[in-house]
Amino acid sequence: MNTIAVLVCVAASALFMPAYAHTLDSVGEYRLELQWEVEPPYSGGVNALKLYVSPLVPGLELDEQPFQDGVEGLEDTIKLQLANRDSMITLLPEADDQIPGLYRAHVKVLRPGFYQANILGHIGETVVSLSMHPHEVRDAGHITFPDDYGEIRDLFVAQEALRAEQEALGASVESAASAGADLKAAVRDLEARMDALAADSADQSVAYLAAALGAAGIILGGIAVYAARRRP
């Protein structure tokens, strides 16, 4: 790859890189500065975005503008949106009691990375719709000491308890299904026995009837023989 191609690639990549650490800007006649309460910011802890609002000083470049004569009364007209690629939260800033023009919005950032802060609302008659990029949130795992094995152990114990409960529930379902099958088998066996008993009862009734008829025939035969003998 020649030198010109390298320069083109570098320039193209710069065009698509977000303006990270963009913490100073202006809207209309006002200077706005945004920064974290705790610098550098780390993930997992409660931090706050601090917004400084003051009038621009004529004749000075933006990076030369001082924060002075802060603009008050913006807690009801300004809101902050903190966003990353996945989600966004709207924060309502509170005015500082000691420093006019300073507004603070507390937030707990759980993931490290770069975030965008959208400043929306109005300052007097000036409409504000501005995106700024405070410093990168660092990974607190690199400075955590000692390691929180207790939380990991509690999570593991909870997972094991849930797994045991699921297994017990499965066993209960299988037991109930087995009991149902046994009950059905018992009902079928009882029905078969009742049918057999009914058949036996019918056979015995026929036998009794045949025996009665035979006895009746014998009696009638005896009567006929007796009557014949009595004739002259």
### Query
Which net charge results for the neighbourhood of V57, defined as the other residues with beta-carbon distances under 13 angstrom from its beta-carbon, given Lys and Arg at +1 and Asp and Glu at -1?
-4
### Message
Which chymotrypsin sites (Phe, Trp or Tyr not before Pro) in region 91-142 sit in a loop by DSSP (not H, G, I, E or B) and have at most 14 other Cβ atoms within 10 Å of their own Cβ?
### Response
F114
### Message
With a cap of 16 neighbouring Cβ atoms within 10 Å, and only residues DSSP puts in a loop, list the trypsin sites (Lys or Arg not before Pro) found in region 45-125.
### Response
R85
### Query
Remind me, what semi-axes does region 19-142 give for its equivalent ellipsoid, largest first in whole Å, using sqrt of 5 times each Cα gyration tensor eigenvalue?
25, 15, 14
### Summary
The local net charge around D96, scoring Lys/Arg +1 and Asp/Glu -1 for residues other than D96 whose Cβ lies under 13 Å from its Cβ, equals -3
### Task
Figure the gain on full extension for D25 and L183 (residue separation times 0.36 nm, minus the Cα-Cα span) and round it to one decimal in nm.
48.9 nm
### Proximal lysines relative to K79, as straight alpha-carbon distance under 22 Å, when same-chain residues fewer than 8 apart are discounted
K50, K108
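Since every read-out is calculated from the coordinates, none of them should be taken as a lab result. What you see is a predicted model, and the numbers here were worked out from it, not measured in a lab. Ideal geometry is used to build each Cβ from the backbone, glycine not excepted, and the neighbour counts take in all protein chains shown.
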